[in-house]
Amino acid sequence: MTTTANFERSVGVLGNANTLKISNTLSRTARARQRIQIRWGYRSRLLAVVALVAIAYGSDYAHLVGDALAGSRTPLLALTPLFALLVATGYRRPPDGVNDNESDWLFVAVLGTIGFAGIALVNARFEALAAVWRLDLIGAVLWAVCASVILLGARHTQRMWRVWLFAVISASPVPFTLAAGALGGSDTANVAVSVCFGATAVYLAGARAPRPKRLLAAAASLTLGWLTATLLIDALPLFGVTAIAALGVPVLVHLGMRRWIGTGADTGPLESYPARSWRSLLALPVLALVVGFAHTSAPMATEPPAVQADWVRSAGPFDAHELTEVQHYLGGDAEYVRYTVPASAGMPAAAVDVITMPSLASLHDHHSTVWYPTTRPLNFTAAPPLTTGAPVDVRAVYSNADTAIDSTTPHWYALTWDWHSDAGYQRVTVVVNQHVAGGEPPAPQPMTVTDTLVSPALWIGRQQAEGQGRVDDLVVRRATEVADSLLAHLVIRA
């Protein structure tokens with residue numbers, strides 16, 4: 001009995017020792033896991049999303065900042081990541097519930113495949129439309145959503161839908177240009193629209209604060225931003241005023257409101273965020289590099305050739321008149337002028353439209369904009385060979401009369417190119433009426449929601465067959481002759 005009892009006691013001691021050893025091991029593992037979780041709280045995960053977007057789209061945003069510093073009329077695009085980051089600070093507390101790591105990756109696979117494939121298809125079929133809306137930057141938002149799903153969880157990312165909606169709207173130049181143009185297009189109007197975006201970001205960033213306090217913060221940002229812009233509008237370039245009044249002021253207002261109304265205390269438990277393996281964390285930078293190499297960036301502006309300042313007098317167009325309604329969407333320093341071309345017997349009527357901008361960046365803002373009436377998205381194509389051989393990149397664009405659904409819409413054919421004169425950077429467009437007896441070609445028209453969004457969406461929704469259509473050889477010859485006559489009278493300086 002004594003031997004048996006001693007044996008049982010020995011076994012019990014060994015069992016307790018093993019249990020204690022296993023317990024200590026689990027405790028160390030739990031503590032290590034907790035330390036990992038502490039290092040990967042919301043702030044760290046949000047910064048990781050920013051880093052992943054920078055890997056994939058950093059060069060694109062670097063070009064945007066460079067264009068904004070060079071005089072672009074859409075400086076808001078360069079500040080969009082910072083606006084989105086400000087709004088995202090209001091979503092620090094994750095939702096209740098259990099994260100499903102496998103479903104998160106499945107969601108990213110489906111969303112990423114469908115989203116990027118859709119952007120690629122639109123870019124391939126409607127290149128000019130995609131460039132006008134900057135779908136490449138919409139792709140940056142899509143990639144940020146995918147990265148957030150992995151690092152923050154699908155449930156948390158879904159709760160942040162206001163962040164993504166705000167980012168999509170501010171990442172496209174069309175809503176900004178339409179709003180600024182409706183206000184007159186001046187620097188003051190441009191900054192005013194940006195200040196409104198900043199105030200909206202402040203309101204959205206206070207997601208967990210009571211609505212009256214959020215409205216108060218937004219009102220304070222709007223008022224202080226406008227006062228700051230009024231004081232700086234004549235002292236700093238457009239981008240500098242926008243950065244201070246539309247971004248700097250909202251950030252200060254948000255920080256002040258977080259301190260005084262307590263929104264900064266709203267944080268979530270670390271264990272609520274999804275735990276990811278090192279394989280997942282290493283896969284994300286690799287995917288970011290793939291996205292960075294695979295996505296299509298907007299074409300960069302190249303310095304056009306220079307021409308003599310009096311080219312209009314030398315070339316022969318006459319009867320100049322400004323197109324003031326269109327100028328509002330180009331900016332306060334822009335000029336849009338139409339010149340009449342002398343009539344030619346048996347030839348359709350032609351005109352020369354000239355946009356003059358103070359900087360190449362501002363001219364390039366509308367590199368793919370089609371200003372003439374059309375019922376379908378159009379693409380620019382290579383122009384037919386010119387006899388002058390001038391070192392300019394001439395592009396052709398025209399409405400397709402073969403697919404017309406509205407008999408009242410005039411049809412036209414245009415050749416366009418850029419150059420630099422003493423008056424500024426200019427885009428010259430030779431536009432010809434496709435109807436020989438149709439009179440003057442249609443005049444450029446201001447940007448509208450219908451032309452930039454509704455009509456293209458309806459055309460794409462009808463799944464129309466893609467066809468370039470046929471333009472009468474007489475029309476093409478008329479446009480080519482006018483373009484040759486313009487370039488032949490110019491002395492192009494190297």
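The figures follow:
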| read-out | value |
| --- | --- |
| Rounded accessible area of C196 (nearest 10 Å², 1.4 Å probe) | 70 |
| Segment T113-I169, length gained on full extension (0.36 nm per residue, minus Cα span) | 18.0 nm |
| Where labels lie 7 Å past Cα in the beta-carbon direction, separation of D393 and R125 in nm | 2.6 |
| Segment Q158-A219, length gained on full extension (0.36 nm per residue, minus Cα span) | 19.2 nm |
| Cα centroid separation - segment 326-355 against segment 120-191, whole Å | 32 |
| Order of exposure, largest accessible area first, which applies to I460, I150 with probe 1.4 Å | I460, I150 |
| Accessible surface of segment 76-216, 1.4 Å probe, proportion on carbon and sulfur as whole % | 68 |
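The values are calculated or read from the model by the stated rules, or taken from the named source; none is laboratory data. What you are looking at is a predicted structure, and each value in this text was computed from that prediction instead of being measured. Please note: Cβ atoms are built from the backbone with ideal geometry, for glycine as well, and neighbour counts cover all protein chains shown. Only protein heavy atoms, including side chains, enter the accessible area calculation; ligands, DNA and RNA are left aside. Shrake-Rupley method; radii C 1.70, N 1.55, O 1.52, S 1.80 Å.
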